[in-house]
Amino acid sequence: MSTIPAAPPDPRLDGTDIRASVIDLIGATPLVRLKRLTEVHEIPSVLAMKMETNNPGGSSKDRPALEMILAAERDGRLRPGGTIVEPTSGNTGVGLAIVAAQRGYQCVFVMTDKVAPEKIALLQAYGAEVVVCPVAVEPDDPQSYYKVAERLTAERGAFRPNQYENPDNPLSHLKTTGPELWAQTAGRITHFVAGAGTCGTLTGVARFLRERNPNIRIVAADPEGSVFSGGSGRPYLVEGVGEDFFPAAWDPDLYDDIIAISDKESFLTAREVSRTEGILIGGSGGMAVAAAVRVAKAATPDDIVVVLNPDSGRGYLSRVFDDGWMANFGFLTECDECVGNVLSVARDIQELVYVNPDHTVRHAIELMRTNAISQLPVCKNTPPFAAAEVSGAVDELELMDAIARDSSAMDTRVETVMGPKLPTVGIGQRLDRAISMLETSPALLVLSGGRPVSILTRTDVLSYYESIADVDDLPAGGGASG
Ligand SMILES: Cc1ncc(COP(=O)(O)O)c(C=O)c1O
């Protein structure tokens, strides 16, 4: 079914089902109905998943990796024994590493520090070199992962596939994923839903399917905050999808709808699919399924909605599938007496009081005084913040010290005197955990849905206990007196 070129034939394999190499296992992935999810969500249409986990590298990225390397070999951009350099969050790296192993190339991968540590180990396991760069820098900063990749490519005379610009990326999906979907649904597919990163999958598949049936609906799923769904490109936690710029394959005329999905819904859906269907999927797969469920619910019984699952949940065990991590970011509630209860009782001001890194120390002091607080988080931009936008904290003791040493500190930028970030606690985490953290830190930053929403101090906990003690002290049957 797949049109990816096979290795040269060896007559000894004739009549066997032995593939010539692992490259011949790329593509032709199965389609499976999401039966249990259909029942739970009362979906009238047929909802099926394209299982890209069945590729040898475990993701949809094996397809563009192969196509980009074959094209580069054909036109001489990649020569025998050459080096491949690519900035990638992991999956494209695995695909390139697999094809490179078969065809004798070296690989160097450049990634941001947002990526799960097991993804780095995975690429190293294929023998690749991995260079990690900070995520919290501007794209044109020399430390940004795009710039580092540019420099390494020049230094090593390497081939850079550049999946964000390379037309062979969408072409791989036009040549393989699209035809597979058409054949597997007997030409009856009505809706295709996929996450957008480089937009290679969505655009390649859309170009093929539209040729066959101009009425097919193409739906992009996108993380809240990403530019595709109208965000400003500010950070989110789902990996591998969404962008802060428009890649070459972005073609909005092809997309009927672009649905923004929050980190929380993406992660909870990934967990739901894994548990209810027995199909372990990652956060970006959860995001695509969350969008597909909306599409499939609004579709008719005759419709066939296909969602593409790009990779497995195995790469995200320490995040999406770790209850502690999920609770710490405020995605899960651990118990009844949680941090959120304290905040609703003890805090008059419900929104986060913060300073920007370029605000003055004078401004920070004023805020502390008017709000009667002793610590402020330092956050970039304006609310609602992402956890990655918190750059530090200021504390009244630190400010006092700074000004005592140099009175002109009053008018300096907060970032020049700020201390480290406050420890974080999830809004649904157990209060006793927060209390033990408050033994070593005077305040905690509270996260809900992955975003900082408040500060929790020792005084807050005391006022909470005071208020429940007041309620407990009420005489039996007694209420507030009139
Ligand atoms: C996990 C994951 N999901 C989805 C995508 C998006 O696919 P595409 O880049 O073809 O838009 C990527 C891309 O890297 C990915 O790694």
Given a cut-off of 16 Å, what percent of all Cα-Cα pairs of segment 99-200 lie beyond it?
70 percent
Computed magnitude of the charge dipole of the chain (debye, nearest 20; Cβ of K, R +1, Cβ of D, E -1)
1580 debye
Of the options 105, 145, 92, report the single residue whose Cα projects farthest towards the positive end of the charge dipole of segment 62-156 (beta-carbon charges: Lys, Arg +1; Asp, Glu -1).
105
Rg from C-alpha atoms of segment 326-468, normalised by the globular rule of thumb 2.2 N^0.38 Å, equals 1.04
If you find the alpha carbon centre of segment 359-379 and of segment 77-140, how far apart are they in angstrom?
43 Å
Assign unit charges at the C-beta atoms only (+1 for Lys and Arg, -1 for Asp and Glu), then state the dipole size of segment 298-419 relative to its Cα centre in Debye, rounded to the nearest 20.
300 debye
Could you grab the Rg to Rh ratio for segment 17-161? Cα atoms only, Kirkwood for Rh.
1.07
To the nearest Å², the heavy-atom accessible area per residue of segment 62-156 with 1.4 Å probe amounts to 43 Å²
How large is the accessible surface per residue of segment 326-468, computed with a 1.4 Å probe and reported in Å² as a whole number?
48 Å²
Of all chymotrypsin sites (Phe, Trp or Tyr not before Pro) in segment 168-269, which ones are in loop regions per DSSP and have a Cβ with at most 16 other Cβ atoms within 10 Å?
245
Heavy-atom accessible area of residue 276, protein chains in place, probe 1.4 angstrom, given in Å² to nearest 10, is 40 Å²
Any idea how far the Cα center of segment 432-470 sits from the one of segment 284-343, in Å?
27 Å
Could you compute how fast segment 418-461 diffuses translationally, taking Rh as the Kirkwood radius over C-alpha pairs and applying Stokes-Einstein at 10 °C with viscosity 1.306 mPa s? Give it in µm² per second.
151 µm²/s
Rel. contact order, % - alpha carbon contacts under 8 angstrom, at least six apart, segment 62-156:
25 percent
Roughly how many percent of the accessible protein surface of segment 62-156 is carbon and sulfur, given a 1.4 Å probe and a whole-percent answer?
50 percent
Sorting 237, 96, 280 by accessible area (1.4 Å probe), largest first, what list results?
280, 237, 96
If you place +1 on the Cβ of every Lys and Arg and -1 on the Cβ of every Asp and Glu, how big does the dipole about the Cα centre of segment 6-160 come out, in debye to the nearest 20?
200 debye
Give the carbon-plus-sulfur fraction of the accessible surface of segment 379-430 in %, rounded to a whole number; probe 1.4 Å, heavy atoms of protein chains only.
57 percent
Choose one of 295, 48, 238: the residue whose Cα lies farthest towards the positive end of the charge dipole of the chain (beta-carbon charges +1 Lys, Arg; -1 Asp, Glu; about the Cα centre).
48
Candidate cut points under trypsin sites (Lys or Arg not before Pro) in segment 235-301, DSSP loop plus at most 10 other Cβ atoms within 10 Å of their own Cβ, are none
Quick check on the chain: what are the equivalent-ellipsoid semi-axes from the Cα gyration tensor, as sqrt(5λ), descending, whole Å?
47, 29, 19
How big is Rg to Rh over segment 288-363, alpha-carbon atoms, Rh as the Kirkwood inverse-mean-distance radius?
1.18
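The values are calculated or read from the model by the stated rules, or taken from the named source; none is laboratory data. Just so you know, these numbers come straight off a predicted model, no measurement behind them. Using ideal geometry, Cβ is built from the backbone for each residue, glycine included, and neighbour counts are taken over all protein chains shown. Accessible surface areas use protein heavy atoms only, side chains included; no ligands, DNA or RNA. Shrake-Rupley method; radii C 1.70, N 1.55, O 1.52, S 1.80 Å.
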